[in-house]
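One structure below.
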Amino acid sequence: MRILRRSATLAAVVLAMASCAAAPAEVDDVGLALIERAEGELAAECMARHGFRYWPSAPATPDERREFPYVVDDPAWARTHGYGGDLVAQRERRRAEDPNTRYLNSLSEERRSAAAAAYGGGAGSSVVEAVAPGGATIGQRDTGCLAEAQRTLYGDFAAWVRASVVTGNLSSLYQPKVTGDPRFHDAVTAWAGCMLSAGLPYASPRHVQQALPGLTSGQEPSRARRTEIELAVAEAGCALATPLAGTARELDRHYGDEVRRQYRAEVETTRRLRRDAAARAEEIVARNT
């Protein structure tokens, strides 16, 4: 079970009845939730015009959006979520209970294919492609209800796809620089000493993650949950009691800013389009309320 995301990538989903968005700081959690909600409502309206039903998924919560790429450094979050195991289980329950899946399964094969094409674009659609910083080419069809919803929100669909593919993958360029910096290694060593003094002999936060499945294997769910939370709280406490939390933030900002300057045009385009989308989303949601 993947418990905690320590890095993030952007995947363009074009044929599944789901969508996701990356999260630049300039649009807060409220704005992101509005964009996701509006995108779902627009897609549902579009699918209805094509003769299909579609149930928008609930926007991600602020806690679900949190990422800890280097170390868990929020004791309150850790006391509630541990390493996010409850959030993973919650997403899995939502996926299992997704009315869209039940609806699609109730359709004939022909209608199911038609519904997928209506949502994600048909086989004859052109594709907007972009090369992510790591070299992978990611594309999204420019027809279908998902593309229509995003075009309505962002205005320039092609610019949104191309810019967001780049900015959604920038962390893959600078996070390895953070973890490879001697200052980060020194801070991890101090963190490990703090953990050892608490009877937890782990050399790094990643080692905790690697050990957790074995520690909880065979335990009752409630006990496994307590084990996860205890480790996460200890990790967060030591992150704050040693230089690790501050060093990680400082290095992330330093190396991240270097990369963002390198991709300034894409970063500025993503920020501008997402701000525009948040404003349009507010109007759309208010209209449908």
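The values are calculated or read from the model by the stated rules, or taken from the named source; none is laboratory data. No experiment lies behind these values; they were computed from the predicted model shown. Note that we place each Cβ from the backbone using ideal geometry, even for glycine, and neighbour counts take in every protein chain shown.
Tabulated data
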item: Those residues of the stretch 27-77 which are among the acidic types (Asp, Glu) and assigned to a loop (DSSP other than H, G, I, E, B), in sequence order; result: Asp28, Glu67, Asp73, Asp74
item: Residue count for the stretch 190-201, restricted to those that are in contact (Cβ under 8 Å) with a residue 24 or more places away in the chain and either buried (at least 18 other Cβ atoms within 10 Å of the Cβ) or not in a helix (DSSP H, G or I) (or both); result: 5
item: Contacts under 8 angstrom Cβ, first residue in the stretch 175-189 being under 19 Å from Glu235 (Cα atoms), partner surrounded by 14 or more Cβ atoms within 10 Å (Cβ to Cβ) and among the small types (Gly, Ala, Ser), 6 or more apart; result: Val178/Ala248; Phe184/Ala248; Ala187/Ala248; Val188/Ser204
item: Residue in the stretch 271-287 that is farther than 29 Å from Arg162 by Cβ, among the aliphatic types (A, V, I, L, M) and either part of a helix (DSSP H, G or I) or in contact with a strand residue (DSSP E or B) (Cβ under 6 Å, 6 or more places away or on another chain) (or both) present; result: yes
item: The stretch 35-61 residues that are in contact (Cβ under 8 Å) with a residue 12 or more places away in the chain, paired with ones that are of a type in the set (Ser, Thr, Tyr) and assigned to a loop (DSSP other than H, G, I, E, B) (beta carbon under 7 Å, 6 or more apart); result: Glu39/Ser19; Gly40/Ser57; Ala43/Tyr54; Ala44/Tyr54; Met47/Tyr54
item: Residue check for Ala265: more than 23 Å from the chain's Cα centre (by Cα) and farther than 26 Å from Ala187 by Cβ; result: no
item: Residue within the stretch 145-152 that is of a type outside the set (S, T, N, Q), closer than 23 Å to Ile35 by Cβ, in a helix (DSSP H, G or I) and in contact with a strand residue (DSSP E or B) (Cβ under 9 Å, 6 or more places away or on another chain) present; result: yes
item: Residue in the stretch 265-288 that is farther than 30 Å from Glu148 by Cβ and hydrophobic (A, V, I, L, M, F, W, C) present; result: no
item: Every pair of residues 6+ apart whose Cβ atoms lie under 9 Å, when the first sits in the stretch 134-156 and is within 26 Å of Arg53 (Cα to Cα) while the second is in a helix (DSSP H, G or I) and polar (S, T, N, Q); result: Gln140/Gln150; Tyr154/Ser164
item: Where a residue in the stretch 211-237 is within 16 Å of Ala78 (Cα to Cα) and crowded, with 18+ Cβ neighbours inside 10 Å and its partner, wherever it lies, is of a type in the set (S, T, N, Q) and modelled with pLDDT of 95 or more, with Cβ under 8 Å and at least six apart; result: Leu212/Thr227
item: Odd one out for Gly134, checked against (1) assigned to a loop (DSSP other than H, G, I, E, B); (2) surrounded by 15 or more Cβ atoms within 10 Å (Cβ to Cβ); (3) within 20 Å of the chain's Cα centre (by Cα); result: (2)
item: Failed criterion for Pro176 (all others in (1) surrounded by 14 or more Cβ atoms within 10 Å (Cβ to Cβ); (2) closer than 14 Å to Ala248 by Cα hold); result: (1)
item: Subset of the stretch 102-114 [exposed (fewer than 15 other Cβ atoms within 10 Å of the Cβ) and part of a helix (DSSP H, G or I)]; result: Arg102, Asn105, Ser106, Glu109, Glu110, Arg111, Ser113
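Matching residues to (1) on the phi < 0 side of the Ramachandran plot; (2) under 19 Å from the mean Cα position of the chain (by Cα); (3) polar (S, T, N, Q):
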site: Glu45; (1), (2), (3): yes, no, no
site: Thr61; (1), (2), (3): yes, yes, yes
site: Val72; (1), (2), (3): yes, yes, no
site: Arg102; (1), (2), (3): yes, no, no
site: Gly120; (1), (2), (3): yes, no, no
site: Val127; (1), (2), (3): yes, no, no
